[in-house]
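**Q** This is the structure I have questions about; it appears just below.
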Amino acid sequence: MVKKSIILLGIIFLITSITSVIALGNTKIILKVDVPSRFEEIRPGEDIAVNIEVFLLKDQEQQKIVDIIMEYHVFNEKGELITKLIETKGILLRLDDVKEISLPGNIPPGIYTIDIRATYKGASVTNSDIFEVIKPVKPTKIEAEYLIILVILVLFVAAMIYEYKKFKYMERMITKISERDLINKGLILKRR
């Protein structure tokens, strides 16, 4: 019963998504890679997130957690390697993961490919997706003018607060000096 439901789940998974499959004896590895729509366009230096689903279809007597090696490679349009990450994951039947990969801050705009390889007992399956690095947004002249006005306004308010506190301090000092002088001259009595 369990084996039939696993096979049915694998077939549904194959029909509903773009996947890669490899068979290793009685074991099949199914890999699905998807860059979420929010990460299809990113700016240099931002992280890229990728959804990964791995199914390990195997005989019922092999139902134990096994290690698979996950390799993440990001390539530019020319096929040059930009960044690489390798990790080991434990899997029983299914691995559903979101991986964030840091990209360099000096990466030029363009189309990039993220290749992901899942390896189990020497057999590998690879799948990929693409994303675009877009130019960083520079503030427009109007935004820069608003920013300058805001900075001037903040400095003006800070200067007014400083002057007010300085005035209140001087007022207290004058009051104290005047009261002390009047007491010393005997013109007023000391407060109790």
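The values are calculated or read from the model by the stated rules, or taken from the named source; none is laboratory data. In this text the structure is predicted, and so the values were computed from the model without any measurement. Positions of Cβ are backbone-derived with ideal geometry, glycine not excepted, and every protein chain shown enters the neighbour counts.
**Q** With the requirement that a residue be assigned to a helix (DSSP H, G or I), of a type outside the set (G, A, S) and at pLDDT 55 or above, what does the range 11-48 give you?
**A** Result: R38, F39.
**Q** Let me ask something additional. Tell me, please, whether a residue that is under 30 Å from E41 (Cα atoms) and at pLDDT below 80 can be found in the range 168-180.
**A** The answer is no; no qualifying residue exists.
**Q** Here's a check for you: in the range 71-129, which residue that is in contact (Cβ under 8 Å) with a residue 12 or more places away in the chain and of a type in the set (K, R) is nearest to E40 (Cα to Cα)?
**A** K99
**Q** Checking S124 against (1) closer than 16 Å to L31 by Cα; (2) small (G, A, S); (3) surrounded by fewer than 16 Cβ atoms within 10 Å (Cβ to Cβ); (4) over 25 Å from the mean Cα position of the chain (by Cα): exactly one of these is not met. Which one?
**A** (3)
**Q** Among the listed residues I52, I65, identify the single one that is surrounded by 13 or more Cβ atoms within 10 Å (Cβ to Cβ) and either touching a strand residue (DSSP E or B) at 6+ places or on another chain (Cβ under 6 Å) or at pLDDT 80 or above (or both).
**A** After applying the criteria, what remains is I52.
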